[in-house]
Amino acid sequence: MLRIFTDFDGPIMDVSERYYQVYQYCLEEAKEPHQSVTCLSKQEFWRLKRAQVPERQIGSISGLHDDQARRFALLRRETVHSHAYLKYDCPVPYAIAALQHIQTLNSDLAVVTMRRQYALNFALEKFDLAHFFPSSVRYCLPDVYVKTHDVVEKTRLMEKALAELPTASETWMIGDTEADIAAARAHDLPVVAVLSGIRDRDRLATYDPDFIVDNLKDAVIVISQQLHLPS
């Protein structure tokens, strides 16, 4: 049996608008009332995020001074996963078709995500995705969990999933960050990185995934080709 683990944000959900809305809010909150700042375009902001430019630096580029940039970064961390902004997420193009394709491969599908439970369930229900991921294959963070280190925490979630789910003859990981790649590597799993998320090609290549492709649809095709399955 083939099992595919996938991250949620990046391969399945496009979070760029949520992040941009939070950026605009935090920029406005961090500046003085009459201070002139430069609100980056969504394209430029997302380019910086995908290149892993630190939050404080993005604040500085936008015209905030040091103390304001620190406040900007802190406020962003406090706000970006809040209920008020989850509504801006939407499925990545072709992601739902890719999930449907996975189901035709007689494979097992599970999600391993750094979303908290409320945020994962919100998106699954809003976009009618729950049937792809029954509760028994949802590996996410508790609602009250305070994140500290994505690589460590994603690796622990993967360990929990592998321990609880039935053994599969082939297991692959699909993700969009270094945490996904590290979690797969820690458990000797092949990993496909996608460019539809929060890291660009240069950043992903640094962590040496087995493949880098555009999106979830292409990731499923690559896995199918490697295993000689219908693609």
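The values are calculated or read from the model by the stated rules, or taken from the named source; none is laboratory data. These numbers were taken from a predicted model, which means no experiment stands behind them. When we count neighbours, we look across all protein chains shown, and the Cβ atoms used for this are built from the backbone with ideal geometry, even at glycine. Only protein heavy atoms, including side chains, enter the accessible area calculation; ligands, DNA and RNA are left aside. Shrake-Rupley method; radii C 1.70, N 1.55, O 1.52, S 1.80 Å.
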- Quote the FRET efficiency, to the nearest 0.05, computed for residue 35 versus residue 149 with a Förster distance R0 of 41 Å and r equal to the Cβ-Cβ distance. 0.75
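Expressed in whole Å with the largest first, what are the equivalent ellipsoid semi-axes of the stretch 113-155 derived from the C-alpha gyration tensor as the square root of 5 times each eigenvalue?
Equivalent ellipsoid semi-axes, largest first: 21, 11, 8 Å.
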- Task: On a 0 to 90° scale, report how tilted helix 216-226 is relative to the longest principal axis of the chain, with both axes built from alpha carbons and the result rounded to the nearest 10.
- Result: 30 degrees
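Going highest first, how would you order 164-170, 13-19, 27-33 by mean Cβ packing within 10 Å?
Numbers: 164-170: 11.6, 13-19: 21.3, 27-33: 15.0.
So the order, starting with the most tightly packed, is 13-19, 27-33, 164-170.
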- Message: Can you give me the long-range amide H partners of residue 176? Hydrogens built in the peptide plane at 1.01 Å from N, cutoff under 5 Å, separation of 5 or more residues or another chain.
- Response: 194
- What ³J(HN,Hα) values, in whole Hz, does the Karplus curve 6.51 cos²θ - 1.76 cosθ + 1.60 give for the stretch 193-200 when θ = phi - 60°, with x put for Gly and Pro? 9, 10, 8, 8, x, 9, 10, 8
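Note the full-extension length gain between residue 195 and residue 82 as 0.36 nm times their separation in residues minus their Cα-Cα distance, in nm to one decimal.
Working: separation 113, 0.36 × 113 = 40.68 nm, distance 2.46 nm.
Using 0.36 nm per residue and subtracting the Cα-Cα distance, I get 38.2 nm.
As a test of the formula, what do you get for the chain when each DSSP H run with n ≥ 4 contributes -39,500 (n - 2.57) and the sum is divided by the residue count, at 222 nm and rounded to the nearest 500 deg cm²/dmol?
Numbers: 11 runs with 110 residues, N = 231.
Counting only the DSSP helices, I get -14000 deg cm²/dmol.
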- Interchain or long-range residues, amide H under 5 Å from residue 141's placed H: 115, 116, 117
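In the neighborhood of residue 74, defined by Cβ-to-Cβ distances under 12 Å, what is the net charge if each Lys or Arg adds +1 and each Asp or Glu adds -1?
Numbers: positive: 56, 70, 71, 76, 77; negative: 29, 55, 67, 78.
Around residue 74, the charge tally is +1.
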- Using the per-residue mean of other Cβ atoms lying within 10 Å as a proxy for protection, in what order, highest first, do the peptides 119-127, 135-143 fall? 119-127, 135-143
- Calculated from backbone phi, Karplus (6.51, -1.76, 1.60) coupling profile of the stretch 91-102 in Hz, x at Gly/Pro: x, 5, x, 6, 5, 5, 4, 5, 5, 5, 5, 4
- Taking all pairs of distinct Cα atoms, average 1/r, flip it, and tell me the Kirkwood hydrodynamic radius of the chain in Å to one decimal place. 18.4 Å
- Under 5 Å, built H, 5+ apart or other chain: amide partners of residue 94: none
- Message: Using a Debye calculation, one point per C-alpha and no hydration shell, please list log10 I(q)/I(0) for the stretch 137-206 at q = 0.20 Å⁻¹ in order.
- Response: -0.89
- Just subtract the alpha-carbon distance of residue 131 and residue 226 from 0.36 nm times their residue separation and send over the number in nm, one decimal. 31.5 nm
- Query: What's the center-to-center distance, using Cα atoms, between the stretch 130-172 and the stretch 1-69 in Å?
  - Reply: 26 Å
- Might you work out the accessible area of residue 231 for me, using a 1.4 Å probe with all protein chains in place, and round it to the nearest 10 Å²? 90 Å²
- Task: Would you mind putting 74-84, 204-214 in packing order, based on average other-beta-carbon counts within 10 Å, highest first?
- Result: 204-214, 74-84
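How high is the relative contact order of the chain, in percent, counting Cα pairs under 8 Å that sit 6 or more residues apart?
This gives 28 percent for the chain.
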- Short version: ³J(HN,Hα) in whole Hz for each residue of the stretch 26-32, in order, from phi by Karplus 6.51 cos²θ - 1.76 cosθ + 1.60 (θ = phi - 60°), x for Gly and Pro, what are they? 5, 5, 5, 6, 7, 7, 6
